Amino acid sequence: PPGSSCSVIESIKDSDYCVLVAEPSVFGAHNLQMVHELVKIYNKPYGVVLNKCTKEYNPSYEYCKSNNIDILESIDFDKELGLLNSNGFIAAKESTFYFDLFASLLEKIRKGAKI
């Protein structure tokens, strides 16, 4: 969930590794900052996935760079992905591109979580 609500805190407390997902907006960067502070408080390993990226300015990317945060993956804004999800399809099953992207992301998470 976005922000730093109780459910976010509960999710972080019992996690071996946290994947923070941020969108390329000021609001997305603000949420990222709040959750980033929480994972640091709980001393959890983490990485960031930048979602719905475009060629425009990305405050979430800038936040990651200025705070030396590992960017696991940048996922471009893609209407095809949105359509797949909104129609109940799993993108990795429907698209070799997304299968490869998410398989690579999973390996990065495993490496970060040391599993």
Legend entry - Test: residue in the range 60-74 that is of a type in the set (S, T, N, Q), within 26 Å of Asp100 (Cα to Cα) and touching a Pro at 6+ places or on another chain (Cβ under 6 Å): yes
Inset, instruction - Could you tell me whether Ser66 is surrounded by 12 or more Cβ atoms within 10 Å (Cβ to Cβ), closer than 27 Å to Lys13 by Cα, of a type outside the set (Val, Ile, Thr) and modelled with pLDDT of 95 or more? - result: no
Inset, instruction - For the range 50-73, state whether one or more residues are in a loop (DSSP other than H, G, I, E, B) and under 11 Å from the mean Cα position of the chain (by Cα). - result: yes
Inset, instruction - Please state which of the following conditions Gly112 fails to meet, knowing it meets all the rest: (1) closer than 12 Å to Val19 by Cβ; (2) at pLDDT 95 or above; (3) over 13 Å from the mean Cα position of the chain (by Cα); (4) not aliphatic (A, V, I, L, M). - result: (2)
Inset, instruction - Scan the range 91-105 and give yes if some residue there is in a helix (DSSP H, G or I), within 29 Å of Ile9 (Cα to Cα) and aromatic (Phe, Trp, Tyr), otherwise no. - result: yes
Inset, instruction - Evaluate the range 10-27: report whether one residue or more is touching a Phe, Trp or Tyr at 6+ places or on another chain (Cβ under 8 Å), at pLDDT below 95 and surrounded by fewer than 11 Cβ atoms within 10 Å (Cβ to Cβ). - result: yes
Inset, instruction - Mind telling me which of the residues Ile90, Ile71 ends up being β-branched (Val, Ile, Thr), farther than 21 Å from Leu32 by Cβ and modelled with pLDDT of 95 or more? - result: Ile90
Legend entry - Single unsatisfied condition, Asn85 versus (1) closer than 24 Å to His30 by Cα; (2) assigned to a helix (DSSP H, G or I); (3) among the polar types (S, T, N, Q): (1)
Legend entry - Within the range 40-60, tally of residues that are buried (at least 20 other Cβ atoms within 10 Å of the Cβ) and either at pLDDT below 95 or within 24 Å of Arg110 (Cα to Cα) (or both): 5
Legend entry - Residue among Leu50, Leu72, Leu81, Leu38 that alone is touching a residue at least 12 places away in the same chain (Cβ under 8 Å), touching a Ser or Thr at 6+ places or on another chain (Cβ under 7 Å) and farther than 10 Å from Ala22 by Cα: Leu38
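The values are calculated or read from the model by the stated rules, or taken from the named source; none is laboratory data. Computed from a predicted model, the values in this text were never measured in an experiment. Don't worry about glycine lacking a Cβ; one is built from the backbone with ideal geometry, like all the others, and counts go over all protein chains shown.
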